[in-house]
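Below is one structure, written out as structure tokens, with a few remarks after it.
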Amino acid sequence: METKMIAVITGDIKNSTEQNASKWLPLLKEALNHYGNEPSAWEIYRGDSFQLETTPEKALKASIHIKACIKQLRNIDVRMAIGLGEKTYQAEKITESNGEAFVNSGKCFEGLKKQTLALKSPDEKFDRHINLLLGLALLTMDHWTPAISKTVKHALENPKMNQRELASILNKSQGNISEELNKAGFDEIQKMIQFYSIQLEKL
């Protein structure tokens, strides 16, 4: 029986003390709820750390979505490590489950230095390609303002909406939306997610 590959995202809130937890915690929970239920799919532990299990296909977009959710607040960010691999033990709580994806996620997280998002899979070549792209993308993503982050969050949650529709739910002009998505590097980020998906199929 072939075991299915999963993705585990391990993360923590950077500068969590800069903002009251009552501000960022609901944003984090709202983001995580998009990908499954607590505590089997996600858990928040040690105050500002979290773990999320999702599919490899969704992992990169989920990480960028979580980042956009958290960065709606000023002076706060999130560090995340995506681990890809098999799951050998399924517990009721994600933090007690085990397997290669969990190990890769933990190792990758411990290795995060300045980079706020990285990935580790069973394939080093795949990792090199994706981490290089992530490093470049983070040059923009790490500097998203709260307004840009909010627009990116809604654009990711409503992929079928055009800019005019996004403008109406955000009470902004279409010009605003266009400018913010441009500054966010949104088109390039979408292309990176597509590239990741194509490479993933070769794993």
Could you tell me which of rounded, prolate or oblate describes region 22-76, using a ≥ b ≥ c as the square roots of the eigenvalues of the alpha-carbon gyration tensor, with rounded for a/c under 1.5 and, failing that, prolate when a/b is larger than b/c and oblate otherwise?
oblate
Compute the FRET efficiency between residue 89 and residue 15 as 1/(1 + (r/R0)^6), taking r as their Cβ-Cβ distance and R0 = 30 Å, and round to the nearest 0.05.
0.35
Identify all lysines with a Cα-Cα distance to residue 183 below 17 Å; exclude those on the same chain that are fewer than 8 residues away in sequence.
67, 71, 150, 153, 172, 191
Candidate lysines - alpha carbon under 24 Å from residue 87, same-chain residues fewer than 8 apart omitted
4, 29, 58, 61, 107, 120, 125, 202
If the cut-off is 17 Å between C-alpha atoms, which aspartates and glutamates fall inside it for residue 160, apart from same-chain ones fewer than 8 positions away?
187
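May I ask you to order 178-187, 61-70 by the average number of other C-beta atoms within 10 Å around their residues, highest value first?
On the way: 178-187: 17.1, 61-70: 23.4.
The packing order, highest mean first, is 61-70, 178-187.
Among rounded, prolate and oblate, which fits region 151-199 when a ≥ b ≥ c are the square roots of the eigenvalues of its C-alpha gyration tensor, a/c under 1.5 means rounded, and a/b larger than b/c means prolate? Could the numbers behind the result be given before it?
Values: a/c = 3.18, a/b = 1.94, b/c = 1.64.
The shape class here is prolate.
Would you mind calculating the gained length between residue 174 and residue 4 on full extension (0.36 nm times residue separation, minus the Cα-Cα distance), in nm to one decimal? All intermediate terms of the calculation are to be shown ahead of the outcome.
On the way: separation 170, 0.36 × 170 = 61.20 nm, distance 4.24 nm.
Here the answer is 57.0 nm.
Values in this text are rule-based calculations from the coordinates and carry no lab data. Computed from a prediction, not measured in an experiment: that's the story for all the values here. Note that each Cβ is placed from the backbone with ideal geometry, even for glycine, and that neighbours are counted across all protein chains shown.
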